[in-house]
Amino acid sequence: MKPIGVLGLQGDFDAHRRALVEIGAATAVVRRPEELGTVSGLIIPGGESTTLIKLMRDVGFVEPLRAWHAGGAPIYGTCAGAILLAARVEHPHQFSLGFIDIDVERNAYGRQRESFETAAGRVEPGGGLETAGSGLELVLIRAPRISRCGPEVQVMAWHGDEPVLVRQRSVMAGTFHPELGRDRRVHGHFVEMTRTAALAA
C-alpha cells in the first residue's frame, strides 16, 4: 500500500506523521498537488484554517484535492482540517470544501486559554473505536464545534452530547487533536480506512 500522506503546508503535521509511525504506518508529507497520486490517504492537520486555505489556493491544491476526493480517496481532517472539510462554516462564515455534510462553528470552545484535555470522550458503539473500559482521550485546542450532522454522517465519538468525531464514506473529521495525546485509536481507524480503499481499488 502507498504511504499515508499528511498535508504539510501549515499546522501540526509532523505530530500526525509521528503518530502514524508509532502504529507502524508508512507516511509521506504532501506539499504539492501532484503528490496526491503517491499516497493512499490524506490527513489535513490542525492549525489556522484561514491560513491553510490561503496556502492551498496559492499552490493550486483545491481543485486537484476535489478530484482526488471524488475518486473515493480517504481524507481525515482534525480541528482546522475539519473546518476545511465541512459543508458550512459559521462564526464567521468562510470557504470550505464541502466533503462531509456537517456544519462547524469556529473556536466554539473558546480561545487558547480555554483549551483542555479530557479522557472522557465517549465512543459510539459500532463506530470502530471501541476499547473496553477506556474513554477516548480528547485534546481540544481552540476547537470548533460540529453543530449539525447530515443524515449520512456517522457519529463516531462524543464529548458530552456533542459529536467530536464523524465520518461520511471516505471522509472523517474530528474537532480534537489525537496526534497530541497517547491514544492512537483514531489514527489506527484511518489506517484501516486506507487499507479498505486500497483493496477496493
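Count of segment 151-201 residues, restricted to those that are in a helix (DSSP H, G or I) and under 19 Å from Thr118 (Cα atoms), is 6. All of Ala73, Ala19, Ala25 fail the test of being more than 25 Å from Asp101 (Cα to Cα) and assigned to a loop (DSSP other than H, G, I, E, B), apart from Ala25.
Any residue at all in segment 18-41 that is under 17 Å from Arg184 (Cβ atoms) and at pLDDT below 95? Scanning segment 18-41 turns up no residue that is under 17 Å from Arg184 (Cβ atoms) and at pLDDT below 95. State whether the residues of segment 74-87 include one that is within 18 Å of the chain's Cα centre (by Cα) and over 21 Å from Ser147 (Cα atoms). Yes, segment 74-87 contains a residue that is within 18 Å of the chain's Cα centre (by Cα) and over 21 Å from Ser147 (Cα atoms). Scan segment 163-201 residue by residue and report those that are surrounded by 15 or more Cβ atoms within 10 Å (Cβ to Cβ), under 23 Å from Gly47 (Cα atoms) and more than 14 Å from the chain's Cα centre (by Cα). Matches in segment 163-201: Gly181, Asp183. Just checking, does segment 50-61 include any residue being touching a residue at least 12 places away in the same chain (Cβ under 8 Å), crowded, with 24+ Cβ neighbours inside 10 Å and either within 29 Å of Arg185 (Cβ to Cβ) or β-branched (Val, Ile, Thr) (or both)? Within segment 50-61 (the criterion being touching a residue at least 12 places away in the same chain (Cβ under 8 Å), crowded, with 24+ Cβ neighbours inside 10 Å and either within 29 Å of Arg185 (Cβ to Cβ) or β-branched (Val, Ile, Thr) (or both)), the answer is no, since none of the residues qualifies.
The values are calculated or read from the model by the stated rules, or taken from the named source; none is laboratory data. This is a predicted model, so every value here is computed, not measured. Every residue, glycine among them, receives a Cβ derived from its backbone with ideal geometry; neighbour counts consider all protein chains shown.
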